[in-house]
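Q: Have a look at this one before I ask anything.
The values are calculated or read from the model by the stated rules, or taken from the named source; none is laboratory data. Predicted model, so just to flag it, every value in this text is computed and none were measured. Here the Cβ is made from the backbone with ideal geometry for all residues, glycine too, and neighbour counts use every protein chain on show. Areas reflect the complete protein model, heavy atoms only, side chains present, ligands, DNA and RNA absent. Shrake-Rupley method; radii C 1.70, N 1.55, O 1.52, S 1.80 Å.
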There are 2 protein chains.
Amino acid sequence: MAIELSSILSRLQTLSTSDHASVVSMNLFVALLCACIVIGHLLEENRWVNESITALSIGVCTGVIILLFSGGKSSHLLVFSEDLFFIYLLPPIIFNAGFQVKKKQFFVNFITIVLFGAVGTLISCTIISLGVIQFFKKMDIGSLDIGDYLAIGAIFAATDSVCTLQVLNQDETPLLYSLVFGEGVVNDATSVVLFNAIQSFDLNHIDPRIALHFTGNFFYLFITSTMLGVLTGLFSAYIIKKLYFGRHSTDREVALMILMAYLSYMLAELFYLSGILTVFFCGIVMSHYTWHNVTESSRITTKHSFATLSFVAEIFIFLYVGMDALDIEKWRFASNSPGTSIAVSSILLALIMAGRAAFVFPLSFLINLVKKSPNEKISFRQQVIIWWAGLMRGAVSMALAYNQFTRAGHTQLRANAIMITSTTTVVLFSTVVFGLMTKPLIRFLLPHTKHTSSMTLSDSSTPKSVNAPLLGEGQDSEADLGDTNIPRPGSLRALLATPTHTVHRYWRKFDDAFMRPVFGGRGFVPYVPGSPTERSFLQGQ
Amino acid sequence: MAIELSSILSRLQTLSTSDHASVVSMNLFVALLCACIVIGHLLEENRWVNESITALSIGVCTGVIILLFSGGKSSHLLVFSEDLFFIYLLPPIIFNAGFQVKKKQFFVNFITIVLFGAVGTLISCTIISLGVIQFFKKMDIGSLDIGDYLAIGAIFAATDSVCTLQVLNQDETPLLYSLVFGEGVVNDATSVVLFNAIQSFDLNHIDPRIALHFTGNFFYLFITSTMLGVLTGLFSAYIIKKLYFGRHSTDREVALMILMAYLSYMLAELFYLSGILTVFFCGIVMSHYTWHNVTESSRITTKHSFATLSFVAEIFIFLYVGMDALDIEKWRFASNSPGTSIAVSSILLALIMAGRAAFVFPLSFLINLVKKSPNEKISFRQQVIIWWAGLMRGAVSMALAYNQFTRAGHTQLRANAIMITSTTTVVLFSTVVFGLMTKPLIRFLLPHTKHTSSMTLSDSSTPKSVNAPLLGEGQDSEADLGDTNIPRPGSLRALLATPTHTVHRYWRKFDDAFMRPVFGGRGFVPYVPGSPTERSFLQGQ
């Protein structure tokens, strides 16, 4: 944060009165965030609306009001910034997802997730690129070269894992959640890798050698990013276990956990790896080891802080995209030819649907061939939900589109302006329309899953496991890598309760024999109350 | 945050490889923050060093290393940014101070604090300005006008409340803590107001009317800023009590508290008020009302999150100042005349000491005249500590100096360069030398106060009251506005235990009869477990 901000010349002079407009904007923005939280709370029980749609709508409304107040001149309260998104907003969301994910579900479906996320994204990207080349060449859009077409494929192959977290519920549909969300994380990484490859490779000479290089590059990225995340997580566990910070202050533990998590992301960026993958695995490792090495207060604080950070970042993104949607400059070019703009957006939406269908159903078929027990197979209804829930496009697509089509200030070009406005349209439409229809669709296709009114969507960001260690052993979701394999009610739960995979048994043996004694973890940290705060807390019980 | 960052053109291109240097800087900076936390933890029991000095030293060392690596060309890893400081780092520190301050101590000494903070700062500023005019005119420094001299007075009248928090302990020396820290908050506000006044008023025509206008302006600022903070705090309490967010998710409560606190600061900036005062009083009100309206998990989370944020921001500032100290450009001018530079710094340090002595002892004498009981009087030894603990100059001075002497890129001027380097020298010297000697000085002058090894300095940022509500009524520090007036051991505690001020009795009646029923607060919120998380937590007990 320091480096970026400090290098700006006093832009927001709080002491002097020079830049009062940006103080106004900041006030407005923070107030809108508060409004989103309050309205989101009031609409909690509503079966259609979710927090993303609320934030998007408020963003668009504010954009309209600003547009009216400024006399149609600008809605430039905010401009979408790639940096802001990739450096400050995305890491907490993905880290929290890793921190709160049900680890067993995730690892049981690991192969499926990677298949969907990597191979699926490649298929989707290819189909979108080919379709775009087919359709756009016939239309009066402007000059787009082969690189642009391939980039469009990569841009629209990126599903929105943030939105997925909002529409699927970890507790109601654990299999679908882990599949779609896990796919989203891998898919984000794949899209970014693809996009970078498209921008850097010479695309006029495509031969098998380059394709091989590209594939190798992808696997290298995937493995090294994961390893980096795991290592950073383990390092944080080790250092907190050894130094035993709780003795003096829980704040040090909390600060160190947050900083180390952020460091993992930044290290990945340093080594040109996928920060998204790294921070996700860092979150998983931290929740498995580090989290058990800190004091009770720190556990409660970190769980809730990470969830809150992620929650605010999500709202921030949707508010941001909503407000940015009305940026007048981009629409000036597009408005000369509204027909073209609508056509482009519709074609893109159709291609997204086709591209996703082209890998979800065939890959599911392949996966079902391998699985023996009928309980393990992905039913057709579930396939439809997987297909549907991944149709939303979000901030990653926006960021990539801005990177591709506004480089060196080329927004003035007709083709670039049309692509930016179309991306905005696709993001808004898919988030609102597809997002609105996901909940009812799940209810319609899977009526068996339990729908308790208290277990509404945002609960996915306040997991049940927060205070679970207080319940004693064997009951909390932290333990789900090992012991509890008792089949529970609910058709989807039962799906995964039966197979006690051998890999997991070996992993657990290794975990108990070597990893936990070294890095700490549940049951391997001697209970010591720690900080003075802690002591008074325990006396109170 | 959005507005600032978004308006920058893709500076830190994480997707592309363009600005890899800033990723390196960011990694280094986060890693250094982690190192500061770890080293601070290891040096916890040390009686000389505190966290600020650790961070400063690490900062300076890193600066040296960068200087060596870059071949003496630059140490420009970081440039001190006023915005970063005033918009992101200072608010959490001051808010947390208000949130964790012992309210009774603060309000009992309210008159003394305001006298020290407002009148004292004026005296100090006058003496420093006069001294600077006297000495600097004889020296070969360069062109400084009357506005510059007065600004120097305001710059060096700003004591460092952040550093004070580090060297004084709320539990060991509650009176001194509340006096020095409270003074620091008021003093910061006074300095900023003074500084703005000096920059905006026409200083060639000083007449009584302008002086009156100035005084009126100060009181207006003080009262409106306080009111704004109180109102924002009450609003947050009301909305959280009415809407009962805990029903669905504790994250919303936490997010809303953080955002509302930040909003209070930004609102103050919007209305050209003192954000420092506003956010401080917002913190006090939030800890008195809002904090009692949220779920148990939210209470623990907010207490620790605020403390952690503040803790990280403090380390950040000192690391920052340490690294910035070696900025080669500024030293180039100063190095031509090392004698002048040292002379200027020494004169400034002497003036700071004289200026502070000129109000601490006379004002204490006046205050002692009013107090009847000998227990209430401020002893001479305590006066010495008050004088000494306020000698440190910190980030506010740096920020003001940058504002005055680098405007419109005038660092090239000899006088400006000398003033910036002298400010850096004064900040470093006062923080390290005065900071190092404060702890031993207190031990020497007040040997009666208890020194338990577990109650070391950073405990002031993890207050004992975090989980206190679990202990039941009447035992926690939240209750210190009302009931517990039992004299306790320790000469300083006893000082304040005796007088049960009438104002407080009236306030408490009003609080119980009107405020708490409306805005919530301890004992006035029906106990409801709230979110599902909460429920499992309570079942666990």
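Q: Using the Karplus curve 6.51 cos²θ - 1.76 cosθ + 1.60 with θ = phi - 60°, work out ³J(HN,Hα) for each residue of segment A:123-134 in order, rounded to whole Hz, and write x for Gly and Pro.
A: Going residue by residue, I get 4, 4, 4, 4, 5, 5, 4, 4, x, 5, 4, 4 Hz, with x marking Gly and Pro.
Q: Which order do the peptides B:184-195, B:117-128 come out in when sorted by mean C-beta neighbours inside 10 angstrom, highest first?
A: Answer by packing, highest mean first, reads B:184-195, B:117-128.
Q: I've got another one for you. Assuming R0 = 41 Å, what is the FRET efficiency of A:VAL433 and B:PHE69, from their Cβ-Cβ distance, to the nearest 0.05?
A: Once rounded, the FRET efficiency stands at 0.15.
Q: Check which residues have an amide H placed less than 5 Å from B:ARG393's amide H, if you skip close sequence neighbours.
A: Counting only residues 5 or more places away or on other chains, the set is B:SER430, B:THR431.
Q: Hey, what's segment B:142-298 come to in accessible area per residue, 1.4 Å probe, Å²?
A: I get 29 Å² per residue for this part.
Q: Can you give the accessible area buried between chains B and A, summed over both chains, with a 1.4 Å probe, in Å² to the nearest 100?
A: Result for this pair: about 9300 Å² buried.
Q: While we're here: Is the shape of segment B:265-314 best called rounded, prolate or oblate, per the rule: a/c under 1.5 gives rounded, else a/b larger than b/c gives prolate, else oblate, with a ≥ b ≥ c the square roots of the Cα gyration tensor eigenvalues?
A: oblate
Q: How many Cβ atoms of partner chains, on average, are near each residue of B:308-318 if near means within 10 Å of its Cβ?
A: 3
Q: Considering only the label points, 7 Å along Cα→Cβ from Cα, what distances in nm to one decimal separate B:VAL518 from the same position in each other copy, shortest first?
A: Those separations, rounded to one decimal, come out as 6.1 nm.
Q: Give the shape of segment A:287-394 as rounded, prolate or oblate, defined through the alpha-carbon gyration tensor: a ≥ b ≥ c are the square roots of its eigenvalues, a/c under 1.5 means rounded, and otherwise the shape is prolate if a/b is larger than b/c and oblate if not.
A: Oblate.
Q: Using the Cα centre as the reference, give the magnitude of the dipole from point charges on the C-beta atoms of segment A:249-393 (Lys, Arg: +1; Asp, Glu: -1; all else neutral), rounded to the nearest 20 debye.
A: Magnitude of the dipole: close to 660 debye.
Q: Along Cα→Cβ, 7 Å out, is where each label goes; now give me the distance between the ones at A:VAL119 and A:ARG508 in nm to one decimal.
A: Going by the 7 Å Cα→Cβ label model, 2.9 nm.
Q: Could you give the distance between the Cα centres of segment A:414-440 and segment A:53-69, to the whole Å?
A: 16
Q: Across the residues of A:259-266, average count of Cβ atoms on other protein chains within 10 Å?
A: 5
Q: Also, quick follow-up: A 22 angstrom limit on the alpha carbon distance is what I want to check against. Which of B:LYS371/B:LYS509; B:LYS103/B:LYS509; B:LYS104/B:LYS371; A:LYS241/B:LYS102; A:LYS103/A:LYS303; A:LYS104/A:LYS377 exceed it?
A: B:LYS371/B:LYS509; A:LYS241/B:LYS102
Q: Sort shortest first the distances from A:THR126 to its counterpart in every other copy, using label points 7 Å along the Cα-to-beta-carbon line, and give them in nm.
A: When each copy's label point is compared with this one, the spacings are 8.3 nm.
Q: If you count, for each residue, the other Cβ atoms within 10 Å and average over each peptide, how do B:216-227, B:391-402 line up from highest to lowest?
A: B:391-402, B:216-227
Q: Can you give the FRET efficiency to the nearest 0.05 for B:LEU445 and A:ALA21, using r as the Cβ-Cβ distance and R₀ = 45 Å?
A: Calculated value: 0.30.
Q: Ok, one more. Mind listing the label-point distances from A:LEU436 to the same position on all other copies, shortest first, one decimal in nm, points 7 Å along Cα→Cβ?
A: Copy-to-copy label distances at A:LEU436, shortest first: 6.8 nm.
Q: If I model a spin label at B:ARG381 and B:GLN134 as a point 7 Å from the Cα along the Cα→Cβ vector, what separation in nanometres do I get?
A: Computed distance between label sites B:ARG381 and B:GLN134 equals 3.3 nm.
Q: Within 10 Å of each Cβ in peptide B:25-33, how many partner chain Cβ atoms are there on average? Round it to a whole number, please.
A: Partner Cβ neighbours, averaged per residue: 6.
Q: Please give the length that would be gained between A:SER373 and A:LEU43 if that part of the chain were fully extended, namely 0.36 nm times their separation in residues minus their C-alpha to C-alpha distance (nm, one decimal).
A: Contour length minus the Cα-Cα distance gives 114.7 nm.
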